[in-house]
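Q: Sending over a structure as C-alpha cells; questions will come in a sec.
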Amino acid sequence: MLDRDEPVSKRPDDGAFFQQRLPAWKPVINIHTTIPVFAVIGLIMIPIGLLLITTTGSVKEARVDYSRCGDCESKPSGEECVCSIEFELSSKFTGRAFHMYYGLEKYYQNHRKYATSRSDKQLRGYPLYRDDNCEPFESDVDTDQYFAPCGLIANSMFNDTFQLEWVSKTDHDGTVIEMNKEINFTREGIAWPSDHGIKFRNPMGADLVSAFNGTTKPPDWRKYAYELDPQNPSNNAFLNEPFIVWMRVAAFPTFRKLYGRVSLELNPELDGGLEEGKYRLTIDYNYPVLYYHSKKFFVLSSTSIFGGRNLMLGVVYLVVGILLLLLATVFACVVKKDLKSCFGS
C-alpha cells in the first residue's frame, strides 16, 4: 500500500513508447526533396484537372427561373398555388441518369446564427431533446411543446414541389409531334450516405407518431415530421432525404441543391436520354422569395462519371498543378544558381 508521506512520481514508465524510443522515420524537408515532390504532384494534378474540365464541358443543363411564376407571390401565405412554365431542350441529353436541382439566390445559409440553429442530438433520434441552439424555434410559446425538428434551418425548409412533362418534339421535317408524357423521378438516394442513418436517425420503435408525442411541427411547416413520407419508413421523419439535403447548409448565398433523379429505369419510353423538344414544369409554389429580392430556379442536368457540372473543381486541380510545376522549376534553378538561363533572361 502506498505510504501517504511518500512523494508521488510523475515520471512516465520506462518503456519505448512512453520514452519515445520507438523506431521512426522523419523526412528531411529541404529544397532537394521538395523539387521531385512538387513535380510529381503537379504532373498528377494537371491531367486530373484537364479530365474534370473536359467531362464538365460535356454536361448539359437547362435552367428555368420561376421566381415570378403566375401570381403566386401575391397570394396570402399558406394559400395553395400551382403554376407551370414551358421550356425547350435544344439538344438531346444523353445518358441513363439525370439530376433535378432547385436553386436560390441571395439566401445566406452561411450566416452564423442561421447555420448553428439546429440540434444535432435531436436529429439523431431524440425528438424530445431540448437544445438552446434552436432558439428562437425551440418550442411553441403557447403549448410549450418542442418543435421537431427545431431551429431556423429546419423551419425554413424548401417546400416547392415539381412535376416534369415532355410536351412535344419536332420531327426532322419540322412536324410537331405531341408527346404529353410525364417524366418520372425519385427523391431517394439524393442525400449523402454519411448523413442518412448516421447523422440523421429516427427514434427507436415502429410507431413514429407515438415517438413524436409531445412535439409539434415547426411554425412554417404544413406537415408533421412523421408525415413527410408515411408510405416509406426509410424516407420519413428525420430520415427524409429532401429534409437531409436542406439541412446541409450552403457555403455561398447563391446555391443549388439536389431535388431528384431521373433515370431510364423509371422512364422506359425514353430512348437513351431526354429528347430535344418542349417540356412543361409544373410547380406547387409554396416558397416565397421576392419579398427579400431573391430568385429561385429549377435546373435539369445531364451527368458525367464525376456527377453533375462542377467546373471549379477542375480549375482548382489545373491551377494548383501548374503552380507546383512552376515552383519545382524555380527551386531547381535556385539549386543550379542560374535563374537567368531558366527564364531566358
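The values are calculated or read from the model by the stated rules, or taken from the named source; none is laboratory data. Note that the coordinates shown come from a computational prediction; the quantities given were computed from them, not determined experimentally. All Cβ positions, glycine included, derive from the backbone under ideal geometry; neighbour counts span all protein chains shown. All accessible areas refer to the heavy atoms of the entire protein, side chains included, with ligands and DNA or RNA removed. Shrake-Rupley method; radii C 1.70, N 1.55, O 1.52, S 1.80 Å.
Q: Can you work out the accessible area per residue across the range 62-114, with the rest of the protein chains kept in place, probe 1.4 Å, in square angstrom? Intermediate results must be reported in sequence, preceding the final value.
A: Details: 3130 Å² over 53 residues.
Averaged over the residues of the range 62-114, the accessible area is 59 Å².
Q: Can you work out ³J(HN,Hα) from phi for every residue in the range 267-279, in order, using Karplus 6.51 cos²θ - 1.76 cosθ + 1.60 and θ = phi - 60°, giving whole Hz and x for Gly and Pro?
A: For the range 267-279, the Karplus-derived couplings read 9, x, 6, 6, 9, x, x, 8, 6, 5, x, 9, 10 Hz, x marking Gly and Pro.
Q: Additional query: Taking the Cα centre of the chain as origin, sum charge times position over the Cβ atoms of Lys and Arg (+1) and Asp and Glu (-1), and report the length of that vector in debye to the nearest 20.
A: Using only the charged Cβ atoms, the result is roughly 1740 debye.
Q: Still on this structure: For residue 92, go through the aspartates and glutamates and keep the ones whose alpha-carbon is under 15 Å away, minus same-chain ones fewer than eight residues off.
A: Answer for residue 92, where 15 Å is the Cα cut-off: 61, 171, 269, 271, 275, 276, listed by chain and number.
Q: Assign one of three labels to the chain, namely rounded, prolate or oblate, based on the Cα gyration tensor with a ≥ b ≥ c the square roots of its eigenvalues; rounded applies when a/c is under 1.5, prolate when it is not and a/b is larger than b/c, and oblate otherwise.
A: Verdict is oblate for the chain.
Q: What Kirkwood radius, in Å to one decimal, follows from the Cα pairs of the range 194-259? Working shown, then result.
A: Working: mean 1/r = 0.0766 Å⁻¹.
Hydrodynamic radius (Kirkwood, Cα pairs) of the range 194-259 is 13.0 Å.
Q: Given the Cα-Cα distance of residue 264 and residue 17 and 0.36 nm per residue of separation, how much length would full extension add, in nm? Write down the numbers at each step before the final one.
A: Values: separation 247, 0.36 × 247 = 88.92 nm, distance 5.82 nm.
Computed gain between residue 264 and residue 17 is 83.1 nm.
Q: Right, here's the next one. Ignoring any ligand, DNA or RNA, what whole percent of the accessible area of the chain comes from carbon and sulfur when the probe is 1.4 angstrom?
A: On the way: 11730 of 20690 Å².
The C+S portion of the solvent-accessible surface of the chain is 57 percent.
Q: Sticking with this one: Considering the dipole of the chain built from charges on the beta carbon (Lys and Arg +1, Asp and Glu -1) around the Cα centre, which of 18, 312, 211 is farthest to its positive end?
A: Farthest towards the positive end: 18.
Q: Treating only the Cβ atoms of Lys and Arg (+1) and Asp and Glu (-1) as charged, compute the dipole magnitude of the range 9-116 about its Cα centre; round to the nearest 20 debye.
A: In total the dipole reaches around 800 debye.
Q: Related question: Need one number: nm distance between label points at residue 90 and residue 198, each 7 Å from Cα along Cα→Cβ, rounded to one decimal.
A: 4.2 nm
Q: For the range 227-273, report the accessible area per residue in Å² (1.4 Å probe, heavy atoms, rounded to an integer).
A: Heavy-atom accessible area per residue stands at 43 Å².
Q: Oh, and also: Round to a whole angstrom and tell me the spacing of the C-alpha centers of the range 208-242 and the range 96-147.
A: 14 Å
Q: Taking 0.36 nm per intervening residue step and subtracting the Cα-Cα distance, what contour gain separates residue 170 from residue 312 on full extension? Working shown, then result.
A: Values: separation 142, 0.36 × 142 = 51.12 nm, distance 3.53 nm.
Length gained, residue 170 through residue 312: 47.6 nm.
Q: Can you give the helix-only mean residue ellipticity at 222 nm for the chain, where every DSSP H stretch with n ≥ 4 adds -39500 (n - 2.57) and the sum goes over all residues, rounded to the nearest 500 deg cm²/dmol?
A: Roughly -7000 deg cm²/dmol at 222 nm, from the helical runs in the chain.
Q: Heavy-atom accessible area of residue 179 with all protein chains present, probe 1.4 Å, nearest 10 Å²?
A: Answer for residue 179: close to 40 Å² accessible.
Q: Sticking with this one: If packing is taken as the average number of other Cβ atoms within 10 Å across a peptide's residues, how do 192-202, 225-235 rank, most packed first?
A: Ranked by mean Cβ neighbours within 10 Å, highest first: 225-235, 192-202.
Q: Hey, another quick one. Heavy atoms of the protein only, probe of 1.4 Å, neighbouring chains included. What is the accessible area of residue 75 in Å², nearest 10?
A: 70 Å²
Q: Counting only residues 5 or more places away or on other chains, whose amide H sits under 5 Å from the amide H of residue 295 once H atoms are built in the peptide plane?
A: Counting only residues 5 or more places away or on other chains, the set is 105.
Q: Report the calculated FRET efficiency for residue 326 and residue 178 (r = Cβ-Cβ distance, R0 = 45 Å), to the nearest 0.05.
A: 0.15
Q: Rounded to the nearest 0.05, what FRET efficiency do residue 143 and residue 80 have when you use their Cβ-Cβ distance and R0 = 30 Å?
A: Given R0 = 30 Å and the Cβ-Cβ separation, E is 0.70.
Q: Projected onto the charge dipole of the range 6-106 (+1 at Lys/Arg Cβ, -1 at Asp/Glu Cβ, origin at the Cα centre), which of 94, 33, 72 gives the Cα projection farthest towards the positive end?
A: Value computed over the given set: 33.
Q: Using a/c under 1.5 as the rounded threshold, could you call the range 46-177 rounded, prolate or oblate? The axes a ≥ b ≥ c are square roots of the C-alpha gyration tensor eigenvalues, and prolate needs a/b larger than b/c, oblate otherwise.
A: Because a/c hits 1.5 or more and a/b fails to exceed b/c, the range 46-177 counts as oblate.
Q: How much length would be gained if the chain were fully extended between residue 43 and residue 249, taking 0.36 nm per residue of separation minus their Cα-Cα distance, in nm to one decimal?
A: Full extension from residue 43 to residue 249 adds 70.7 nm.
Q: First check a/c for the range 259-345, with a ≥ b ≥ c the square roots of the eigenvalues of its C-alpha gyration tensor; if it is under 1.5, answer rounded, and if not, answer prolate when a/b is larger than b/c or oblate otherwise.
A: Prolate, since a/c reaches 1.5 and a/b exceeds b/c.
Q: How high is the FRET efficiency between residue 124 and residue 30 when r is their beta carbon distance and R₀ equals 56 Å, given to the nearest 0.05?
A: So the FRET efficiency works out to roughly 0.70.
Q: Shifting gears a bit: Which entries of 60/257; 60/169; 106/296; 60/106; 257/296; 199/257 have Cα-Cα distances beyond 21 Å here?
A: As for pairs spanning more than 21 Å Cα to Cα, those are 60/106.
Q: Just to be sure I understand the model, the point goes 7 Å from the Cα along the line to the Cβ. What's the resulting residue 110 to residue 231 distance in nm?
A: 3.9 nm
Q: Evaluate the charge dipole of the range 215-345 about its Cα centre and quote only its size in Debye, nearest 20, assuming +1 on the Cβ of each Lys and Arg and -1 on the Cβ of each Asp and Glu.
A: I would put it at about 740 debye.
Q: Using Cα pairs closer than 8 Å and at least 6 residues apart in sequence, work out the relative contact order for the chain, in percent.
A: 35 percent
Q: Can you quote the Å³ per residue value for the convex hull of the Cα atoms in the range 1-94, rounded to an integer?
A: Spread over its residues, the Cα hull of the range 1-94 gives 482 Å³ apiece.
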